[in-house]
Amino acid sequence: MRSKLVSKNRGLHALVGDDVVAPLHIDNVPDLGDVKTAWDHVSATGFLGSRVTLQTTWSAYDSALAAPLVIDLVRSLSLATRAGHAGVVAALGCFFKDPWGSDVHAFGEQTAQYVSWVHDTAAAVAAARVAAP
């Protein structure tokens, strides 16, 4: 649980800087089982300096959230293997809270890198297949 908290903190600070003043915590609630619940509280300064607060709460089955990601990650690793890649593939950072091989934590930027990598890698694999005797 500690490493999960450290990686979430690192990602949050990479995205918003040192403006994070509230504690970040992860609690294990055994009777919730596979249901993951998140509560977010965001404070900001609004029109004419007024305080604005946004709070969201959501819950979902963790396994249902993870399954499509795992399927896409396995398909991407298969593509990487066919292309001859080995080790850390930084372009797969969008699948991880604390990506290896990249300091990018912005999901939009991670996704753009991933889509570009898939396009380029799939094209290279297809070209190699065509060129093979």
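Residues in region 21-39 that are surrounded by 10 or more Cβ atoms within 10 Å (Cβ to Cβ), closer than 21 Å to R2 by Cβ and within 20 Å of the chain's Cα centre (by Cα): 5 in all. Only residues that are crowded, with 17+ Cβ neighbours inside 10 Å, not in a helix (DSSP H, G or I) and not β-branched (V, I, T): list them for region 84-125, please. Listed by number, the residues that qualify are P99, S102, H105. Taken over region 45-70, residues that are surrounded by 10 or more Cβ atoms within 10 Å (Cβ to Cβ) and assigned to a strand (DSSP E or B) amount to 4. For region 86-103, the criterion of being touching a Leu at 6+ places or on another chain (Cβ under 6 Å), touching a residue at least 60 places away in the same chain (Cβ under 8 Å), of a type outside the set (G, A, S) and under 27 Å from L12 (Cβ atoms) is satisfied by no residue at all. Close Cβ contacts (under 8 Å, 6 or more residues apart or on different chains) running from residues in region 39-57 that are closer than 25 Å to V29 by Cβ to residues that are among the aromatic types (F, W, Y) comprise Q55/W39; T56/W39; T57/W39. Answer yes or no as to whether L92 is at negative phi and modelled with pLDDT of 90 or more. The answer is yes for L92. The set of residues from region 7-54 being over 28 Å from V104 (Cβ atoms), among the polar types (S, T, N, Q) and at pLDDT 90 or above comprises S50, T53.
Within region 97-114, the set of residues being closer than 17 Å to A80 by Cα and either aromatic (F, W, Y) or touching a strand residue (DSSP E or B) at 6+ places or on another chain (Cβ under 9 Å) (or both) comprises W100, Y114.
The values are calculated or read from the model by the stated rules, or taken from the named source; none is laboratory data. Keep in mind it's a predicted model, so treat the numbers as computed, not measured. Note: ideal-geometry Cβ built from the backbone for every residue, glycine included; neighbour counts use all protein chains shown.
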